[in-house]
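This report concerns only the one structure given below.
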Amino acid sequence: MRNIKDKLNKLGLKEKETDIYLSILSMGKGTITDISKKSGIKRTSIYQYLDHLLQEGLLFQTAVKKRIFYVPENPKKIIKILENKKDEIDKKKREVEKILPNLESLYAMSLTKPSINFYEGRDGIKAVYDEIVSNHKNIYSFFSPRKFFELISYEENDELLIKLFNSGGMLYNLVEKSDETAKRLALDKYKKFVKNKVLPDKFKFDSDLLIGNNVVVMISFDNLIAVIIQDKSIADLQRNIFKTIWKNLA
């Protein structure tokens, strides 16, 4: 019986609707009093569940000497009910397909609409890095290992880079020259998907700048804030500046 109830529940019937339906099915027909006794459900609660079973076409009402009886339809009708639901779903699907180009156009506009989002604190900044490495294939970064590793641990950095690798991404770093830079660039394990060029000695900064697809991220390590600007023209400009510097470095 439990298996039957589970199957009926998966068809969209609530637990008590299933109990009522099976009670009537086993009796052949029944009044509210009969159904209450058989199912163990209070009379006052039964009506709301019966309404749904009637709407679904699993039961029908009949009167015998002014008494109302609830009678089950042949269980084979469940297949017909499901077929009707499938037809209704197919009809809705065809209607949606007609307006899908319009919906996709609105969605595309929302993606390209410029936006600015602010994040605060260490957790906010870490979430920004996570979003960038998870969702952008080619990332261009003005990178200060000196300041970055004051905030982000080596282990956390490894996790971020593994996510980038798993998504098939590449990271291009213009790196501030420091002792920390020399130590990190000596690692070989990320050289296949992380490319670095070291900036001149006087090029010092206490922030991070990353460029994704149509996104620019600016991070202030001193103030623990991050700003994400989503705008294609701004991202294109920053990427071109990055590539120009990259091209002219040894």
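The values are calculated or read from the model by the stated rules, or taken from the named source; none is laboratory data. Everything numeric here is computed off the predicted structure, so don't read it as measured data. Virtual Cβ from ideal backbone geometry, glycine too; neighbours counted across all protein chains shown. Accessible surface is based on the protein model in full, side chains and every heavy atom, while ligands, DNA and RNA are left aside. Shrake-Rupley method; radii C 1.70, N 1.55, O 1.52, S 1.80 Å.
Structure notes:
- Residue tally, condition open to solvent by 30 Å² or more (accessible area, probe 1.4 Å) and within 17 Å of Lys247 (Cα to Cα), over the stretch 181-204: 6
- Only residues that are of a type in the set (Asp, Glu) and open to solvent by 50 Å² or more (accessible area, probe 1.4 Å) were counted across the stretch 1-55, and they come to 4.
- Of the residues making up the stretch 135-180, those that are open to solvent by 40 Å² or more (accessible area, probe 1.4 Å) and closer than 18 Å to Ala235 by Cα number 5.
- Taking the stretch 13-47 as the range and being touching a helix residue (DSSP H, G or I) at 6+ places or on another chain (Cβ under 9 Å) and of a type in the set (Gly, Ala, Ser) as the test, the residues that pass are Ser23, Ser26, Gly30, Ser36, Ser39, Gly40, Ser45.
- Among residues that are under 30 Å from Phe148 (Cβ atoms) and part of a strand (DSSP E or B), Ile125 is not included.
- Every condition in (1) within 37 Å of the chain's Cα centre (by Cα); (2) open to solvent by 100 Å² or more (accessible area, probe 1.4 Å) holds for Arg67 except the one numbered (1).
- Of all residues making up the stretch 214-233, the number that are surrounded by 15 or more Cβ atoms within 10 Å (Cβ to Cβ) and either more than 17 Å from His136 (Cβ to Cβ) or in contact (Cβ under 8 Å) with a residue 24 or more places away in the chain (or both): 12
- Verdict on Gln61 being within 17 Å of Leu25 (Cα to Cα) and under 39 Å from the mean Cα position of the chain (by Cα): no
- Which listed residue, of Lys80, Lys91, Lys113, is open to solvent by 80 Å² or more (accessible area, probe 1.4 Å), closer than 30 Å to Leu50 by Cα, modelled with pLDDT under 85 and of a type in the set (Lys, Arg): Lys80
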